[in-house]
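Here, each number is a calculation from the coordinates, and none is a lab measurement. Here the structure is a predicted model, which is why all the values come from computation and not from measurement. No Cβ is skipped: glycine too gets one built from the backbone with ideal geometry, and neighbour counts run over all protein chains shown.
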Amino acid sequence: MVEHSLRLRPFRRNDAKSIVTWINEPEAFYKWTAGIMGEFPLTVEKLQEVTSGRDDNDRYFPFTAFDEDGPVGFFTARIRPGDDDHILRLGYVIVSPEKRGLGYGKKMLELALTFAFEVYGAKKVSLGVFENNEAAYHCYKSVGFKENGLTEEYNIFGHCWIDIELEIQCAGYRLATNPKGI
């Protein structure tokens, strides 16, 4: 696996031009968005609209992961209505198709968790992944996410897709990434 010079920055409106090209088929779109972003195909304008919630908002953080080639990943971190301010929810996690399988997703998640726990001060981070998205599921597990026993059903293409809820606690993440606790 190649060492990545991956970094995070706040999402910029112009990033949408790259990100929308990463999803070229309906099934991948719904695995990524659960239909929350509307219908396939995703447009630049729709992604910009969805991410516009960050303006003057201290509960919603869209991020772009980038390397020397430009944008290579995207995700949001947010506090869901009614949730404790110390629980962040990751969503819309995606990596450019050219970078998948090369460790970029894992590195981006590590950076996301560093933001969540060390910068934001979260105590727990959660996310959902469809059971038919095995690559994403294994990526989340590789950084320490664990199933919390909750699932949700979505009707997509006339079929029942099961969303598996995963979470990671701050203390567990520190132990997983630094076993000596240093």
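Figures for the structure shown
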| quantity | calculated |
| --- | --- |
| Beta bridges per DSSP with both ends in the chain, % antiparallel, nearest 5 | 90 |
| Shape category assigned to the chain from the gyration tensor of Cα positions, a/c cut at 1.5 | rounded |
| Reachable lysines from residue 107, criterion Cα separation under 26 angstrom, eight or more residues apart if same chain | 17, 31, 99, 123, 124, 141, 146, 180 |
| Between the stretch 15-34 and the stretch 75-92, the Cα center-to-center distance that results, in Å | 21 |
| Solution diffusion estimate, µm²/s, Stokes-Einstein, the stretch 47-147, Kirkwood Rh from C-alpha pairs, 25 °C, viscosity 0.890 mPa s | 173 |
| Helical contribution to [θ] at 222 nm, DSSP H n ≥ 4, -39,500 (n - 2.57), averaged over the chain, rounded to 500 | -7000 deg cm²/dmol |
| Residue 152/residue 18 FRET efficiency (R0 22 Å; Cβ-Cβ; nearest 0.05) | 0.15 |
